[in-house]
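The values are calculated or read from the model by the stated rules, or taken from the named source; none is laboratory data. The model shown is predicted, which means the values in this text are computed figures rather than measured ones. Here the Cβ positions follow ideal geometry from the backbone for every residue, glycine too, while neighbour counts run over all protein chains shown.
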Number of protein chains: 2
Amino acid sequence: MVSFELIILGSSSALPTSKRSTSAHLLSIGERFFLIDCGEGTQSQLRKFRLSPARINHIFISHLHGDHVFGLFGLISSMGMMGRNATLHLYGPGAMEEMMRAHFNFFGDPTFPVQYHKAGDKQIVYEDSKVEVMALLLKHRTETFGYVFKEKSRLLNINKARIEEYGLGLADIKKVKEGEDFTTSAGKLIPNAILTLPPFRTRSYAYISDSAAKPEIIPYIKDVDLLYHEATFLSQDAELAAKTMHSTAAQAAHMAALAKAGKLLIGHFSTRYKNETSFLNEATEIFEPTIAVNDGDRFTVEQQRISADEL
Amino acid sequence: MVSFELIILGSSSALPTSKRSTSAHLLSIGERFFLIDCGEGTQSQLRKFRLSPARINHIFISHLHGDHVFGLFGLISSMGMMGRNATLHLYGPGAMEEMMRAHFNFFGDPTFPVQYHKAGDKQIVYEDSKVEVMALLLKHRTETFGYVFKEKSRLLNINKARIEEYGLGLADIKKVKEGEDFTTSAGKLIPNAILTLPPFRTRSYAYISDSAAKPEIIPYIKDVDLLYHEATFLSQDAELAAKTMHSTAAQAAHMAALAKAGKLLIGHFSTRYKNETSFLNEATEIFEPTIAVNDGDRFTVEQQRISADEL
C-alpha cells in the first residue's frame, strides 16, 4: 500500500506564536517527501516530528515572503552538514533563484547541487511515474503559486492469482493492464474483467496559500481529497483581507464547497485573533468537513479501489 | 534593585535538535535587553519564554555562520510587522552590514532604522550610564568576537535618610557621591562615610563562542560572574576541535579556572554526542562550578554591596 499523508509543520501566518511555527507542510506519498513552503524553524519542526530532512528532494515554494521561505537557509545549510550529495530541486516563482543565489553568494554554495524550477500558471512542474504536481497562479501581493499534488491515473491492477492460472507472460500482463483481453495458449479467450481488479482512486492534495479567494482555479482543484486553503482573517475583517490579498474563513469554505473537496484544512490564522474556534465556526457553516489545523497534525488519505459504478 | 539575568534561548551547535535551538542568549540588565547571537528560531524562542522582541534594541553578533545569524531575518521582519519605530543597533564583524544590506535589498528595507556597529578587538562597542560592552577577537574560522558585558564602576550610594537630616542639596549629593565630605549650613563637617553606603559590586557576563581556547583574552574576562564558553567537543576529539577551531569541555573549564569566573556555563554541544553528561564530567574535574546549559535556563547575578574589606 502506498501511503498518502500530509503533515502540518507550521500553521501560523506572518508571526510565529508559541504554538504555531510559520508556514510549512510535508506531503509524503509512498517514499516521496514533498516539502511545501519553508518558514523559519522548519528544520526544527521536522526534527520535532521525527522526519528526516535528508529524505526531502523536492521543495515547492509558494512565494517569497519571509514567513514562507526564511527556513530554507538553515535547512539547506544543515542538509550540507549532514553530508548530502543528492540534488535538491526547488520549485517556485522566478525570483527564487536570484534570492538563493544572493544568499549562497554570501554564505557559500552548498556542497550538493541545487536545481531551480520556475513555476508557471497551470503548468505541471513535477512529474514522475506515479505523481504529478501542477502550479496554479494565486492572487497575492507578490507572484504566488498554489500546488496541486495528484497521483496519476492508475492502470488496472492485475489479479495475481490469475497470472499463474492462465500462464500470462510479462508482455501479456502489460496488455491486460491496459485493458485487453487474453487468449491462452489453448486458444481460450479470458475476458479482461476476470484478470484484473479495479484501479485505485487517484488521491490528491491542493495547497492554496497565500491568496485572496480565486474561483478561477476551481476546475484545477475539483474533487481534491484534501484542500488546504489559507484563512488569515474572519469575515468581520473582510476588507482587511481584500486589502492584503488574503482570504477569510468563509471564503476558504466557499472555495472548498465549489471544489467539492473531501476535506478543507484551514490555517495561516492572523495572530490578531485569540484562537481558531471562530475560524472553524465561520467555515463549517458553509462547508462542514473543515478542520482548523495545528502544527503536528497528520492527515491520511487511504488507498481505495474504484467501485464498479464509478468505472 | 537592578536585575542582571541571562536567559539561554538556544544552546545547540550547528544543527538544532528537538530540545536545543541554535545559538542565542538574552542578557537583561534592568530595563535593558541585550540579544547575543540570533540563530534560526530565536523569535520563536523569545515567544516561548515570554520575552517581547519589541524590548530588544541591541543585538550583538559573534560571527556570520548560519547557526548564529539565520534568525535575524525573521526577527527583524517580525519587529517591523509589530509596528517598531525605534532604531535597532547591530554589533558584529565588518561583513555583517553587507550581509544585512544584501538581504534587505531582496526582501525590502525594514520600516525602522537599523544602525551597524563594526566590532574591533578590545574595543568598547556599547556604553551607557550603567553598562559597557567590550568586544574580544576570538579564534575561529571566520572573524569572530566574544562580548563582555559589565556594569560600570558605581559611585557611592547616598544614604537617603541623611539627606534630610543634614539638609543636602542636589549639588551636595553629587559631590558626596564622588567621595567628598559635607559641611552643614551651621559649619559642622559630616564625614563622607556617615553619608554614604558602600557601592554595589559591578556584575559581569562574558560570551565566548565560537572559538578555540584563547588564553590571551583572560585579562579581559578576569573575575567575570558568569562565563559562557562554548564546548563543542569532548577531549577525545581534541584534534577535531583544533581543526574546526572549537573548544573541548576541558579547555572551556581551563579558561574559567584561569579567569577565576564565578560560574562557567557550557553549551554549543556537537550533536555527535548523546547527551551533555560527559561534557559536564569533563569540565567539573577542572572547574567545579560548571553548568551545562539548556534552552530556557535562567541565571541571575544578585546585586551585592561591596564589603568593608573590599573597599
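Miscellaneous remarks
- Test: residue in segment B:144-154 that is at pLDDT 95 or above and assigned to a loop (DSSP other than H, G, I, E, B): yes
- Of all residues in segment A:60-106, those that are in contact (Cβ under 8 Å) with a residue 40 or more places away in the chain, among the aliphatic types (A, V, I, L, M) and over 21 Å from residue A:25 (Cβ atoms) total 1.
- Conditions (1) within 14 Å of chain A (Cβ to nearest Cβ); (2) surrounded by fewer than 18 Cβ atoms within 10 Å (Cβ to Cβ): number failed by residue B:154: (1)
- Scan of segment A:46-64 for residues that are more than 9 Å from chain B (Cβ to nearest Cβ) and either under 20 Å from residue A:135 (Cβ atoms) or crowded, with 24+ Cβ neighbours inside 10 Å (or both), ordered by number: A:46, A:56, A:57, A:58, A:59, A:60, A:61, A:62, A:63
- Looking at A:256, A:242, A:206, just one residue is out of contact with any Leu (no Cβ under 6 Å at 6 or more places or on another chain) and of a type in the set (A, V, I, L, M, F, W, C), and that residue is A:242.
- The single condition among (1) within 14 Å of chain B (Cβ to nearest Cβ); (2) crowded, with 21+ Cβ neighbours inside 10 Å; (3) among the polar types (S, T, N, Q) that residue A:144 does not meet is (1).
- When residue A:116 is tested against (1) surrounded by 14 or more Cβ atoms within 10 Å (Cβ to Cβ); (2) assigned to a loop (DSSP other than H, G, I, E, B); (3) among the hydroxyl-bearing types (Ser, Thr, Tyr), only condition (2) is not met.
A quick yes/no check of all residues on (1) in contact with a helix residue (DSSP H, G or I) (Cβ under 9 Å, 6 or more places away or on another chain); (2) surrounded by 12 or more Cβ atoms within 10 Å (Cβ to Cβ); (3) not charged (D, E, K, R):
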residue: B:166; (1), (2), (3): yes, yes, yes
residue: B:173; (1), (2), (3): yes, yes, yes
residue: B:176; (1), (2), (3): yes, yes, yes
residue: B:200; (1), (2), (3): no, yes, yes
residue: B:203; (1), (2), (3): no, yes, no
residue: B:214; (1), (2), (3): yes, yes, no
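- Close pairs (9 angstrom Cβ cut-off, 6 or more residues apart or separate chains): at negative phi in segment A:289-305, polar (S, T, N, Q) and assigned to a strand (DSSP E or B) anywhere: A:295/A:12; A:301/A:204; A:305/A:157
- For segment A:3-33, the set of residues classified as within 18 Å of residue A:57 (Cα to Cα), among the charged types (D, E, K, R) and touching a strand residue (DSSP E or B) at 6+ places or on another chain (Cβ under 6 Å) consists of A:5 only.
- For segment A:27-43, a tally of residues being in contact with a His (Cβ under 9 Å, 6 or more places away or on another chain) and touching a residue at least 60 places away in the same chain (Cβ under 8 Å) returns 4.
- One residue from A:118, A:122 being in the same structural domain as residue A:135 (by TED's automatic domain parsing), at positive phi and of a type in the set (D, E, K, R): A:122
- Residue within segment B:240-250 that is at pLDDT 95 or above, under 30 Å from residue B:2 (Cβ atoms) and of a type in the set (Val, Ile, Thr) present: no
- Pairs linking a residue in segment A:265-276 that is in contact (Cβ under 8 Å) with a residue 24 or more places away in the chain and within 15 Å of residue A:244 (Cβ to Cβ) to a residue that is of a type in the set (Asp, Glu) and in a strand (DSSP E or B), with Cβ atoms under 8 Å and 6 or more positions apart or on different chains, are A:268/A:230.
- The number of residues in segment B:65-102 that are within 8 Å of chain A (Cβ to nearest Cβ), in contact with a helix residue (DSSP H, G or I) (Cβ under 7 Å, 6 or more places away or on another chain) and of a type outside the set (Ser, Thr, Tyr) comes to 8.
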